[in-house]
Amino acid sequence: MKTILHSHQSPLSRLNRTLAGKAYRDARYFILVDENTYNHCLPQLVAQVTPLQKAEFMEVPIGEDCKDIAIATQLWETLLESGADRNSVLVNLGGGCVSDLGGFVASGYKRGIRYINVPTTLIGMVDAAIGGKTALNLSGYKNQIGFFNPPDIVCLNPSFLDTLPDEELFNGVFEMLKTMMIGAPDRYEQLCDMLLGGTLDLKPDMIAACAEIKTAVVKQDPTDKGIRHILNLGHTFGHAIESFSHQTDKPYSHGKAIGVGMVCALYLSVKKLGLPQSCLDHYRSVATKLIELPHYTLRDTEALLSFMRQDKKNADGEIRCVLLQELGAPVIDLAVDENEIRDALLKIS
Ligand SMILES: NC(=O)c1ccc[n+]([C@@H]2O[C@H](COP(=O)([O-])OP(=O)(O)OC[C@H]3O[C@@H](n4cnc5c(N)ncnc54)[C@H](O)[C@@H]3O)[C@@H](O)[C@H]2O)c1
Ligand SMILES: [Zn+2]
């Protein structure tokens, strides 16, 4: 897969103007980075956003390791020692791990200071940086503690993606396919054609479209009690596939697991809601451009089912999924019985 990313006029100059405005007068800034975003993104950010030139930066471990209460405590201590007050602003410069942690830390410090997300991964730009879910992991379980608390600003600067490894980019592409499937069928077809053609030429407007869809959904249901569940298409299966894969020698990243999970969701959508078979076949051919689809045995399906039984969307002891009636028409909280789930898992590839 060839990856092309179009650069365009920097949204960082807009951030520069916003931070020069009245709302941010006298604000002190703290920038949260990991090693990669320190090296690849921080220089561009501070060069273009003047108010951040005097910011203090705080570096945290790469990936899930940073979503830990011990790291959050260290950051609170650093903020306190540096004299951060309620007018201070935390700028989260990184992927979903940095923004999940930074949002958590900002939400807790002195009962809440403002924070700005500047996502640097595709997952961050189309998903994690938007929507106000902040999270840490607990006792090996993902996202168990956190707050709903939206960032003050999300600044999408696709040129940060120039240094993102392709593997990380593909993770985000699956979240884009999901978002477009539920909210922008035309764009979904466009992205599929591109992937089938063997080139990934992500235009800023495609990224912005996904960000806008997520923003609009979150606005209707900020605390994830109803309609926001549509964003979980592929995730009931995907989370189980992700957790199960970590017990094998072929661990899947979140994005890829969701990519596989969507095959199962579309399979059940055909069976239960009359989604055209051609949608499933088409998606499967797109997904196989980016991942090798797994073959599960009956025994694997039992292990996968036990993960699915723990899904937080379940109710009354039933496993619930988001399925599609057609592209652009998701149905939330559909109860699916365990035999249907086994069947879907066995028919992935
Ligand atoms: N809060 C939400 O709504 C939400 C939504 C989706 C995902 N998430 C969370 O997001 C996390 C996954 O996010 P992610 O995939 O962005 O992970 P990540 O933050 O770990 O970033 C992935 C990798 O890319 C590197 N990186 C980041 N930007 C880079 C750049 N511009 N150039 C080079 N390398 C760069 C990082 O250092 C890391 O190694 C998970 O913890 C997930 O739970 C949260
Ligand atoms: Zn996801």
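So what is the relative contact order for region 180-262, in percent, with contacts set as C-alpha pairs under 8 Å and at least six apart?
Numbers: 58 pairs, mean separation 17.4, N = 83.
Worked out over region 180-262, it gives 21 percent.
In deg cm²/dmol, rounded to 500, what helix-only [θ] at 222 nm does the chain give when every DSSP H run of at least 4 residues adds -39500 (n - 2.57) and the total is split over its residues? Intermediate values should be presented prior to the final figure.
Values: 13 runs with 160 residues, N = 349.
Value at 222 nm, helices only, nearest 500: -14500 deg cm²/dmol.
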Taking N as the number of residues in the chain, what is its Cα Rg relative to 2.2 N^0.38 Å?
1.00
Distance from region 51-90 to region 160-233 (C-alpha centre basis), Å
29
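Give me Y141, Y109, Y267 ranked fewest to most by other Cβ atoms within 10 Å of their Cβ, as a rough exposure proxy.
So the residues, fewest neighbours to most, are Y141, Y109, Y267.
If you take every DSSP beta bridge whose two residues both sit in region 2-163, what share of them, in percent to the nearest 5, is antiparallel? Each step should come with its number before you reach the end.
Details: 3 of 20 bridges.
The antiparallel proportion sits near 15 percent.
Stokes-Einstein diffusion coefficient for region 2-163 at 25 °C in a medium of 0.890 mPa s, Rh from the Kirkwood formula over Cα pairs: what value in µm²/s? Walk me through the numbers on the way to the answer.
Values: Rh = 15.6 Å.
Roughly 157 µm²/s, to the nearest whole number.
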Between R86, R320, R111, which gets the highest mean-square fluctuation from a Gaussian network model of the chain, Cα cutoff 10 Å?
R111
Once D333 and T288 are pulled to full extension, the length gained, defined as 0.36 nm per residue separation minus their Cα-Cα distance, is 13.5 nm
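Sequence gap at least 6, Cα distance under 8 Å: using those rules, report the relative contact order of region 2-163 to the nearest whole percent.
Working: 302 pairs, mean separation 39.2, N = 162.
Averaging sequence separation for qualifying contacts and normalising by length gives 24 percent for region 2-163.
Pop the C-beta distance of K142 and R25 into the FRET formula with R0 = 51 Å and round what comes out to the nearest 0.05. Please report the intermediate quantities before stating the final value.
Details: r = 38 Å, r/R0 = 0.75.
So, using R0 = 51 Å, E works out to roughly 0.85.
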Can you give the Rg/Rh ratio of region 166-346, where Rg is from the C-alpha atoms and Rh is the Kirkwood radius?
0.94
Inter-site label distance for D166 and A70 at 7 Å from Cα along Cβ, in nm:
3.7
Which links in K219/K256; K67/K142; K133/K250; K256/K289; K214/K347; K133/K203 stretch past 19 Å when you go from one Cα to the other?
K219/K256; K133/K250; K214/K347; K133/K203
Cα-projected label distance for N87 with S349, points at 7 Å along beta-carbon direction, nm
5.8
Taking the Cα atoms of region 152-237, report the difference between the largest and smallest coordinate on each principal axis, in whole Å and largest first.
38, 29, 24
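Using only alpha carbon pairs under 8 Å that are at least six residues apart, calculate the relative contact order of the chain and give it in whole percent. Don't skip to the answer; put the middle values down first.
Numbers: 614 pairs, mean separation 50.4, N = 349.
Value for the chain: 14 percent.
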The chain, Gaussian network, Cα under 10 Å: of K271, K214, K178, the residue fluctuating most is K271
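Taken together, the values in this text are just the output of simple stated rules run on the coordinates, not laboratory data. Because the structure is a prediction, the values reported are computed rather than measured. FYI the Cβ positions are ideal-geometry reconstructions off the backbone, even for glycines, and counts take in every protein chain you see.
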